[in-house]
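One structure is given here, and the rest of the page talks about it.
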Amino acid sequence: MPSRSASEKASRTLSNTDSPSSPALNVVPDYWDQICSILRPRVGQEFDRWFGALRASVTDDGCVVINSPNSIHQVWIESNYQALLNEAVIKVFGGPRQIKFDVLCAPVVVSSAEPDESLQAARRQGGGSSDGAVVTEKQPVPATLAEAGLSPRFTFENFITGPSNNYSAAVAHAVAEKPGRTYNPLFLHSDPGLGKTHLLHAIGREIMFRKRRANVRYITSEMFTNEFMEAIRKQTFSQFRAKFRRVDVLLIDDVQFFAGKESTQEEFFHTFNDLFHNTKQIVLASDKPPGEIDGLEARLVSRFGWGLTAHILPPDYETRVAILRNKMIEAGARIDDWILDYIAQRVRSDVRKLEGCIMRIGSRASIAGDHRLGESEVEELLRDVLDQDPSRSVNIDRIQRTVCEQYDIRMSELLGRGRPKMIAEARQVAMYLTRTLGKLPLVEVGKAFGGRDHGTVIHAVKVVEARMEQYADFNAMISDLRVKVSAPA
C-alpha cells in the first residue's frame, strides 16, 4: 500500500491560485486510477456514466477531494456507491480517508422549449389553455432532481424485475425513451409498496438525463390539491397553472386522493387536456385502476384510459429474494442466505417491508459483530412485519409455483387477468388447493391471486370439485398436486 510520503512524492502541487486559507491540494492521478480500477468491475456498465468524468485530489491533511462536474453526479454517487468508494479508498491508501465532493460548476438552467418548439410555445402562451385561462407565467426548468421533486434513489437500474412487474417496467422504459409519443397517458396501479412510485421517479430521472431541456415535475395528488387550494386562497392561479401546464412531463402519484374533490378534479381535467393535446407526457399511479376509484369523475376515468394501464402484481418468491439481495448490497450489509430466504418466505406483498427487514437485520448484525443471529432472534426482530401465519405464506407460493409447472405457464399468467381455457383451469386449481390446504379465508385467497373477489374463489372451488367427481384423471392430478405441495421442502 502506498505510504503518506510516497503519496506526497508522487503528487503534483496545484497552481497557486488556490485559496491560501484552505489546505494545499495535490493531484493524485495514479491513485485515482487505482481507485477506479477497483470500482469499475464492481459498478459495472454504469461506471463510465458516473465515474468517467471525475477527478481526485488530496489535501495535505489526507482528505480526498473528488471533483464532480455537477451536483447530480455527487448525489447519485453518495446515494448508491458511497460504500464501494470508501472501500476502494481504504484499499488504495492503506486506511480510511475523509472524502469530500467539489462540484465544479452549477447546474445550467435553460428554457423548457427546444429551438424547433419555440413557435409552438409562443402559440400556447398566446392562445390560452383548454379552459379559457391564459397561461403567461414563465416557469424555470428544474435543474436538479430535487427541484423536479424526484429522488436519486429510484432508478431503472435498481428496480428489480420479475414476472409480476416486467411488463410495467418495460412500458415505463418506453415512456422514458420517447415521452409524449407512446403510451400517453401511462397509468400504473397496484397495492401499496410494489414499486409504482419507484417507476414514476425512474421515468422522470431518465428523461432529465436524456433531455436536459425537459421540464419534468413529480407530485402527489395531495400536493397538487394543496397547491391548488393555496392558489385559490392567494388568487395566484396564473402561477399555479404555469407550473403544471408548462411541463413536458407530469408525474402524478396517488391519484386516488383526487376522489371526491370536485374543484381539484375540474382543475386537473383542464391541466390534463392542455398537456395531452400538446403531446406532453402524463404518467399516473394509483392503488386502484381508474374505473375502481370511487368518487372520480367519469370524464377523468375516460381520459386516464386513453393511453395504457399497467397492473403491478406482488413479487413472487424468486423476485423477493432478488430484491432482498439488492437491498442488502445497497445497505452495505452482510446477511446469511438462510435469513434472506426466511424473509422472502414470510413477507409476500410489500417491497417496502422487505427493505425495512434488511435495514433491521443489517443494523443488528453490525452491532452483534461475530455473533450469528438465530431464527428466534430474527423472528423477534421482525415480528411486527412478518406474515401472521408463516405456513400460509410458504404454502401459497409453493402451490402457485407447483401448479405453474404442472400446466407449463408463467406466474404472471396465473395471477393476471387472461382467461384462456388452460390458464383459467390452472388458476382455479391453484385457488382450490390454496383454499382447501391452507384453510385461508376467501378474501385472502382472492388477494393472493391478483386481487380477485371471494365470489371468484367460491366459483373456482366448485368447478374443481365438480371436475374431480366427473373425471378420474383430473382427480388423480389433483391428488398428485396435493402430495407435491404438502411434502417437506
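Every read-out reported here was derived from the displayed coordinates using simple, explicitly stated rules and does not represent laboratory data. What you see is a predicted model; the values in this text were computed from it and never measured. Positions of Cβ are generated from backbone atoms using ideal geometry, with glycine treated the same way; all protein chains shown enter the neighbour counts.
Annotations for the structure displayed:
- Subset of K261/K288; K178/K288; K196/K288; K178/K280; K234/K280; K243/K288 violating a 20 Å alpha-carbon distance limit: K178/K288; K234/K280; K243/K288
- Extending 7 Å from Cα along the Cβ direction at R372 and again at D102 yields two label points whose distance is 4.8 nm.
- Sparse packing (at most 13 other Cβ atoms within 10 Å of the Cβ) combined with a DSSP loop state is found for the following trypsin sites (Lys or Arg not before Pro) in region 151-212: R181, R212.
- Cα-projected label distance for N86 with E266, points at 7 Å along beta-carbon direction, nm: 5.4 nm
- Ranked H454, H198, H277, criterion: other C-beta atoms within 10 Å, fewest first: H277, H454, H198
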